[in-house]
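No value in this document is a laboratory result; all are computed from the given coordinates. In this text, all values refer to a predicted model and were calculated from it rather than measured experimentally. Using ideal geometry, Cβ is built from the backbone for each residue, glycine included, and neighbour counts are taken over all protein chains shown.
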Amino acid sequence: MNATRLTPEPMLIKVATGALLALALWALFRLAMGLRWAKALREAARRSEEGRGRRVVAEIPLAQDVVLFLEDDERLYWSGQEVRRAEIAGARLLLNGGVIAAFSRNGFRLPDPPPPEEFEGRERWDVVLYLEGGAERVVRCGEVREGVSREAAAGVFEAARRGAKSEPRGRGGEER
């Protein structure tokens, strides 16, 4: 007699596979919706700042967030900090602590740079703003490869240079 026996194992395997597939698809859907929501929040923040008369210079990628570096005719803004353009006496663009570019206004000497750090296999971009009176402000521009952090740092550096050159007291900029 050729009787085939129906066993529940193949059906159980199919149900388990379908459940795992549904779970994986749900996880991908949640990830996609989270990314979309974060983008919508960034765009709303950007529109809000532009509505206040500020221009977005760079979107700085930091650990778990993207920070807007903004400018208007009088100030630079980032991460809850602000600097008046007229206060900027010089700046340095740094890669892992090493100086890539620098500028200063006439009559202002930048302090000696610290020695570059030992290379740790990552690119850390920063811009140090030197203010009148000797204060310094560091703008962290991130560690993202593929030029993202580099472009953000270059945008911040150029905004600082424009700010220092356009200050109303008539002093020009000195390139170094």
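Calculated from the alpha-carbon coordinates, segment 8-52 shows an Rg and a Dmax of 19.6, 66 Å respectively. Charge dipole of the chain (Cα centre as origin; +1 on each Lys and Arg Cβ, -1 on each Asp and Glu Cβ, all else neutral): 540 debye, rounded to the nearest 20. Computed FRET efficiency, Cβ-Cβ of Val15 and Arg47, R0 41 Å: what is it to the nearest 0.05? In this case the efficiency is close to 0.30.
For the chain, the residue among Phe103, Ile60, Pro8 whose Cα projects farthest onto the positive side of the dipole built from Cβ charges is Pro8.
By the Kirkwood approach, averaging reciprocal distances over each pair of separate Cα atoms, segment 54-175 gets a hydrodynamic radius of 14.5 Å.
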